[in-house]
1. Sticking with the crude label model, points 7 Å out along Cα→Cβ, report the distance from A:A55 to B:Y217 in nm, one decimal please.
2. Rolling a 1.4 angstrom probe over the protein chains, ignoring ligands and nucleic acids, what is the accessible area of B:M234 in square angstrom, nearest 10?
3. How much area per residue is accessible in the protein assembly as shown when the probe is 1.4 Å and only protein heavy atoms are counted (Å²)?
4. Counting partner chain Cβ atoms within 10 Å of every residue's Cβ in B:250-258, what's the average?
5. So how strong a dipole does chain B carry about its Cα centre when Lys and Arg Cβ are +1 and Asp and Glu Cβ are -1, to the nearest 20 debye?
6. What size of dipole, in debye to the nearest 20, comes out for region B:4-47 about its Cα centre when the only charges are +1 on Lys and Arg C-beta atoms and -1 on Asp and Glu C-beta atoms?
7. Which distances, shortest first and in nm, link A:G139 to the matching position in the other copies, using label points set 7 Å out along Cα to C-beta?
8. Would you be so kind as to identify which of B:M224, B:L138, B:A203 lies farthest towards the positive end of the dipole of region B:137-227, taking Lys and Arg as +1 and Asp and Glu as -1 on Cβ and the Cα centre as origin?
Protein chains: 2
Amino acid sequence: MVGIDEVARRAGVSTATVSRALSGRGHVAAATRERVEAAASELGYVVSASASSLATGRTRNIGVVVPFLNRWFYTSVIEGAQRRLMQYGYDLTLYNLSGVSNERGTVFEHFLLRQRVDAVIAVSLELSPDEVHSLHALGKPLVGVGGPIPGVPTLSIDDLAVSRLATEHLLSLGHTVIAHIGGDVDAEMSFHMPTNRRLGWEAALRDAGIDPRPDLYYPAVFTMESGYLAAKRMLGDPRLRPTAVVVASDEMAIGAILAARDMGLEVPRDISVVGIDDHELAPFFGLTTVAQFPEGQGEGAVELLMHELDQARGDDEATNVPLPFELVVRSSSARPRADRD
Amino acid sequence: MVGIDEVARRAGVSTATVSRALSGRGHVAAATRERVEAAASELGYVVSASASSLATGRTRNIGVVVPFLNRWFYTSVIEGAQRRLMQYGYDLTLYNLSGVSNERGTVFEHFLLRQRVDAVIAVSLELSPDEVHSLHALGKPLVGVGGPIPGVPTLSIDDLAVSRLATEHLLSLGHTVIAHIGGDVDAEMSFHMPTNRRLGWEAALRDAGIDPRPDLYYPAVFTMESGYLAAKRMLGDPRLRPTAVVVASDEMAIGAILAARDMGLEVPRDISVVGIDDHELAPFFGLTTVAQFPEGQGEGAVELLMHELDQARGDDEATNVPLPFELVVRSSSARPRADRD
DNA sequence: CGCCGGCGTGCAAACGCTTGCGCTGCGGTG
DNA sequence: CACCGCAGCGCAAGCGTTTGCACGCCGGCG
């Protein structure tokens, strides 16, 4: 392994100059820099990450913690974060909390808290004040994605506004009996996200002068199957059947569409369905949905982190950056049938 | 940040002894060890990863390279690898090649090859001899998952045997007109995997004395939509319609099931469908499939790596470890209708 | 013309651990 | 009883960078 002193010798300078030339810190004459760069590339020199970390105290490595991996949202966030991190020359170390259920503490104590990462991105994770505190104490910046963490800068969409938008879309089409399939308070997804999406639905209805009927709320967990089952319940009695439904996630919404089909109903003729996410399968199912952009969220988180790393903990404003979302109309939503009601 | 010398002072020993006591290397009296451990935990001491790496030359960090993230197979492999790595006290650094398409070299030069990881797991990746060589030159163990890499120990299922099994299942049910929806040679999935699955289908048919008809092979890429479209083509003409189909992945198979439904056909009455993977959605769709166990593959890769790391490049046997697979019969396969043909 | 500031570079001290070597004892063997 | 071997521990030399400080030099300003 070729080290910095070989480069120094070859370029006829000291190791200090090599370091400065290569890192861009400090003043180095242009000519010298070129000579150093040439020597380095000829020798195939690359700085030793560990030596550099030891000297600077920074690892150029950031930890991303997720509760699951096998979900479109998380992988998308990671993908975005990874791409941006790579541009900055950072590595992404992945911590997946699923599968270590009882060992959540391990992740924090034995990995995160050790000097293996410079900062942490927590995706859809509810961190305990203790956990937040210990990270802060170590001077490790921390940003959350997908849900507010008290005292921590966070990127997330306004769930309430999102499902309000979905509902308003249906209202604008002329629907008045609009159901909601949505989040049971799921231990894993936590974050009031499900609750907020339900509240958005209620708020939109109220604003339209419609009283949200509790019997039109169908709780479900965030899987296709659970959405399917909820939709079956919802569509069972033709007299009580709503003309449209706002579903808290695309995966559940797809389940709902499949349920409708299985019952001989047609989407959107018999029931309009709108989801939330813009999941990769949404186009295939023609699902109208409110898109959020998880990759962008991952990128944004990195951006925020880099900023914080630069200014050495200048400000700790735990701002909650609101994220863009967008209604994507496809074929699963339409005006209610004229011949009904 | 509390360092090793503080611990040493508190335990009344030298730093050398602390190091040995905590790492388990070398001889340390039981009593001393306990004292050191107590001191360490009281002080909340954790070794500095970079210092340790610098001294030992090992980072306790392994790189996992994937071509995509947004696919069930990759995330599952990663999940398995991550879990096992954590048990060994290793971190997982993720490199996602999608999104850096033209920058693939960057990943290798600027990250992998630098001393940031001790070893590499390449998932479903076709590495160039150059890439393999440079890793080898650095003494970095490398194992592949999901496809053979020349000169590299690899874990993968026997694709040919797997699709043969799927086909034999259908044959045993009495089907004789069995189609195949499968892999176009997709630039991204590479690896002959698609080809082998087609060959397995052909082989099984031949063994049963049936000549595989080229017109019963429907190429598709590995997405639900592509499977859907292929199935539509396949099922279009009632006269030519097969009674069963072996699909090269569950996602495509689900697409095929949806296509059948859309055409008013019933699965398995009108067409039996069997997939490959045992995707998380397979149970929901009642899909008969040949399960592979990607999480286990991830774990196995780690196991292999740890072994190689231990014995400091003792043997370079580029063995290709065959992996288990298993037929999972659900409701998408049945005997062909008696009243046909 | 003298001084000052800053550019360009080198020296050497960290950074926090690991580990080879060497020094004690102590128990077991011949 | 002498000696050998080894468990148990400490000393100190690395591991390969970064960076504060020092120094020389040059140009500009008063």
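1. 5.8 nm
2. Its accessible surface works out to 10 Å², give or take rounding.
3. Working: 28160 Å² over 682 residues.
Counting only protein heavy atoms, the per-residue value for the protein assembly as shown is 41 Å².
4. The shielding value for this peptide is 1.
5. 480 debye
6. Values: 6 positive and 5 negative charges, 32 e Å.
In total the dipole reaches around 160 debye.
7. Shortest to longest, the spacings are 3.3 nm.
8. Ranked along the dipole, the leading option is B:L138.
The values are calculated or read from the model by the stated rules, or taken from the named source; none is laboratory data. None of the values given here were measured: they were computed from a predicted structure. With ideal geometry, Cβ positions are generated from the backbone for all residues, glycine too; neighbour counts draw on all protein chains shown. With ligands, DNA and RNA removed, areas are computed over all heavy atoms of the protein, side chains included. Shrake-Rupley method; radii C 1.70, N 1.55, O 1.52, S 1.80 Å.
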